[in-house]
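J.: Below is one structure. I have some questions about it.
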Amino acid sequence: MDTLHTFSTESLAKNILGDDFVTAAEITKVRRNLTYGPESLALLSATIPAEEILFWLRENDFALMAPPPTPSSLLEVRAIERNRFEALSGGWYARDEEVFSHDETTPPDWLAIRKGVVPNSTGKTFEAQVKLLSGVERVPSAVEASWFITTYNMVRGARLLE
């Protein structure tokens, strides 16, 4: 791995996004039970978005965050830091028929998620809100949103989507 490239790419992202760029190193400082292996770090280093995307993220109130070290389901994300969830165990989404909480996992590369509501979306149906997304946006999955919200709070001390 090219260390200079890694440093300069992460530095560029940090310069553009500031606190809205959350690295694997920052995550392991607050979630000490997690370790990112060399392959995972190499993938993250190689997939930091291009400069124009970083600027778009900043202009549209997104943060860019490293995912968990290995793809994780919603129940696995909850197990990492149980006190961040209302139900420490069990709950309706832990039932076997709720496959999204068992089978859906975080992606292996960066998560870019809006920190607040989509502009002009409040008071509208879900379908109407989805129509307001740009062509490059998508609704994050439950596991992506859970990882993002809880980790951002732990790393930055800020609560999102109050």
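The values are calculated or read from the model by the stated rules, or taken from the named source; none is laboratory data. In this text, all values refer to a predicted model and were calculated from it rather than measured experimentally. Neighbour counts are summed over all protein chains in view; Cβ atoms, including those assigned to glycine, are modelled from backbone coordinates with ideal geometry. In case anyone asks, the SASA skips ligands and DNA or RNA and just uses the protein heavy atoms, side chains included. Shrake-Rupley method; radii C 1.70, N 1.55, O 1.52, S 1.80 Å.
J.: Kindly indicate the residue of the stretch 23-46 that is β-branched (Val, Ile, Thr) and not in a helix (DSSP H, G or I) and also nearest to residue 155 (Cα to Cα) among those meeting that condition.
T.: So, considering only residues that are β-branched (Val, Ile, Thr) and not in a helix (DSSP H, G or I), the one nearest to residue 155 (Cα to Cα) is 23.
J.: From the set of residues in the stretch 48-86 that are open to solvent by 50 Å² or more (accessible area, probe 1.4 Å), in a loop (DSSP other than H, G, I, E, B) and closer than 27 Å to residue 103 by Cβ, which is modelled with the lowest pLDDT?
T.: 86
J.: Another question, then. Using beta carbons and a limit of 6 Å, which pairs, at least six apart or on different chains, have the first residue in the stretch 21-43 and among the small types (Gly, Ala, Ser) and the second one not in a helix (DSSP H, G or I)?
T.: 24/36; 24/66; 40/69; 42/1
J.: Taking residue 109, is it surrounded by fewer than 12 Cβ atoms within 10 Å (Cβ to Cβ) and either part of a loop (DSSP other than H, G, I, E, B) or at pLDDT 90 or above (or both)?
T.: Judged against the criteria, residue 109 is not a match.
J.: With the condition kept exactly as written, say whether any residue in the stretch 140-155 is more than 16 Å from the chain's Cα centre (by Cα) and without any contact (Cβ under 8 Å) to a residue 24 or more places away in the chain.
T.: For the stretch 140-155, residues more than 16 Å from the chain's Cα centre (by Cα) and without any contact (Cβ under 8 Å) to a residue 24 or more places away in the chain: absent.
J.: Ok, one more. Return the only residue of 117, 130 being open to solvent by 40 Å² or more (accessible area, probe 1.4 Å), under 21 Å from residue 21 (Cα atoms) and more than 12 Å from the chain's Cα centre (by Cα).
T.: One residue alone meets the criteria, 117.
J.: If residue 159 meets every condition in (1) open to solvent by 70 Å² or more (accessible area, probe 1.4 Å); (2) free of Cβ contacts under 8 Å to residues at least 40 places away in the same chain; (3) out of contact with any helix residue (DSSP H, G or I) (no Cβ under 8 Å at 6 or more places or on another chain) apart from one, which number is that one?
T.: The number of the failed condition is (3).
J.: Now for a different question. Which of the residues that make up the stretch 16-41 are open to solvent by 40 Å² or more (accessible area, probe 1.4 Å) and over 20 Å from residue 160 (Cβ atoms)?
T.: 25, 28, 32, 33, 35, 38, 39, 41
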